[in-house]
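Trainee: Just dropping this structure here.
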Amino acid sequence: MKALVTNAKNRIAYNILRSLAPAGVKVYCADFVPRAMSFYSRYSFGHFVYPSPFSKQEEFIDCLISKVKELNIDVLIPVFEELFLVAKHKDKLSKYVKMAVPDYSQILTAHNKDKWVTIAKDLNIPVPKTFPVARYNADPGLIEELTFPALIKPRQGGGGWGIKNVASANEFRACLAADGPEGQPWERFVVQQMVEGETICVAMVFCRGQLRGKVAYQQIREYPAFGGQATCRISISNKTAEDNFQRLLEHLKWHGVCQADFVVDKITKTPHLIDINPRFWGSLAQGIASGVDFPNLIYQIALNGDVDPVDGFKEGVVTRWLGGELRGFVQHYSHSEKKFLFLRDFFFSDKPTKLYDDFSLTDPVPFLAWCTDSLHRLAKFRRARSHESLTGLWQ
């Protein structure tokens, strides 16, 4: 059988490749970036470059259809936000290839914080107070009703992009007087009351509203530090967070993969839902290493219509994103109170790393390709900015 995986520049796609290929699937990968890391993997059966799914959306869909027919692809696995565009054109694409993706309306609900927050409240799932930033531009007097510290976050988006910590009402007013993060309009942002505590993530795969597998894990380190993507994590159960996320996805009749971030209040120990990713997530390797092979599950659901549920996951499993660990090292080291203990844990942890997101001694070239691409962007833009993304909102 043949599968096509998009967003080959991303470590998520790389993990899908190294999950499916050893199982006998011929995996093609593709991206609009010509030197994507997965192109160089020993697990890639072939690759090609497609038009940007953000600036050339119609051409992207047409290219997928053409390549699916040319290569006789059985299953299409969209990885990142190009999944949203694939879902939007699901009826057209499903004539030529099988896939397991949510409906576009489901994605818009889970991707917009102002939408899923309302649903979570109706289901009695604890969430931080969340309001559109535009509300305070229109009526600055409402700022006095906010509790600080608070977080300014994009209404759509994740991974640490566009997040700003505001400590006081005066600091919030100063923010509103300037341009939004990354030069984006304030209409794209919400303000969310901060919950102090540890971050617990829960990822699940559903088949037409029925749970088929899950994993939960605690973030140990992040990049950017304190609010970004997990670079080191350990699988750990949190039944309340898991049950709440399952109830939400059952309510949405979810189909496909989905991931959520919770912050466990350090005083009450209550997990608060703070973010949802209606797609594959950066820490996909954590699920695979913990005994829940999400790529294979989504492949089987797409190919056969369903799959047997996976019963639980292994706790205490540690995985790391090597590139993110290297990027965030200085930040975490400078903020650590006990620097020797930090160095010991970083380099000689008592809990060995079972799997790296982006590096393998038996397949080292993709990581080198990622490093080269990152250095190129750093030299070009003077910061480690991401590749092209959607300039507006999915709607």
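Trainee: Counting residues that are acidic (D, E), which helices (runs of 4 or more DSSP H) fully inside the range 104-146 reach at least 2?
Mentor: 113-122
Trainee: Restricting to the range 107-125, and then to whatever is of a type outside the set (D, E) and touching a Pro at 6+ places or on another chain (Cβ under 7 Å), can you tell me which residue is nearest to F189 (Cα to Cα)?
Mentor: Looking at the filtered set, the residue picked out is H111.
Trainee: Looking at the range 3-26, is at least one residue closer than 14 Å to R279 by Cα, surrounded by 23 or more Cβ atoms within 10 Å (Cβ to Cβ) and at pLDDT below 95?
Mentor: yes
Trainee: At least 3 residues that are under 18 Å from the mean Cα position of the chain (by Cα) in each: list the helices (runs of 4 or more DSSP H) lying fully within the range 284-374 that qualify. Talk me through it step by step, then tell me what you get.
Mentor: Working: elements: 284-289, 294-304, 322-335, 339-347.
Correct list: 284-289, 294-304, 322-335.
Trainee: Could you go through the range 104-115 and let me know if any residue there is within 29 Å of G180 (Cα to Cα), surrounded by fewer than 17 Cβ atoms within 10 Å (Cβ to Cβ) and at pLDDT below 90.
Mentor: yes
Trainee: Scanning the range 180-213 for residues that are of a type in the set (D, E, K, R) and in contact (Cβ under 8 Å) with a residue 40 or more places away in the chain, which turns out farthest from R279 (Cα to Cα)?
Mentor: Among those residues, the one meeting the criterion is E196.
Rundown of residues vs (1) among the hydroxyl-bearing types (S, T, Y); (2) under 20 Å from the mean Cα position of the chain (by Cα); (3) in the same structural domain as P149 (by TED's automatic domain parsing), yes/no style:
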site	(1), (2), (3)
G183	no, no, yes
W186	no, no, yes
F189	no, yes, yes
I220	no, yes, no
G228	no, yes, no
S235	yes, yes, no
E242	no, yes, no
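One line per residue, one yes/no per condition, for (1) buried (at least 19 other Cβ atoms within 10 Å of the Cβ); (2) in contact with a Gly (Cβ under 6 Å, 6 or more places away or on another chain):
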{"site": "T147", "(1), (2)": "no, no"}
{"site": "I163", "(1), (2)": "yes, yes"}
{"site": "F172", "(1), (2)": "yes, no"}
{"site": "V191", "(1), (2)": "yes, no"}
{"site": "T199", "(1), (2)": "yes, no"}
{"site": "V205", "(1), (2)": "yes, yes"}
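Trainee: Quick check, is S38 polar (S, T, N, Q) and buried (at least 23 other Cβ atoms within 10 Å of the Cβ)?
Mentor: yes
Trainee: Only one of L76, L85 is under 28 Å from L273 (Cα atoms) and surrounded by 17 or more Cβ atoms within 10 Å (Cβ to Cβ). Can you tell me which?
Mentor: L85
Trainee: For residues in the range 338-395 being under 30 Å from K314 (Cα atoms) and small (G, A, S), which is modelled with the lowest pLDDT?
Mentor: Step by step, filter the range 338-395, then rank; the result is S349.
The values are calculated or read from the model by the stated rules, or taken from the named source; none is laboratory data. Given the structure is predicted, the values throughout are model-derived calculations rather than measurements. Glycine also receives a Cβ, built like all others from the backbone with ideal geometry; neighbour counts cover every protein chain displayed.
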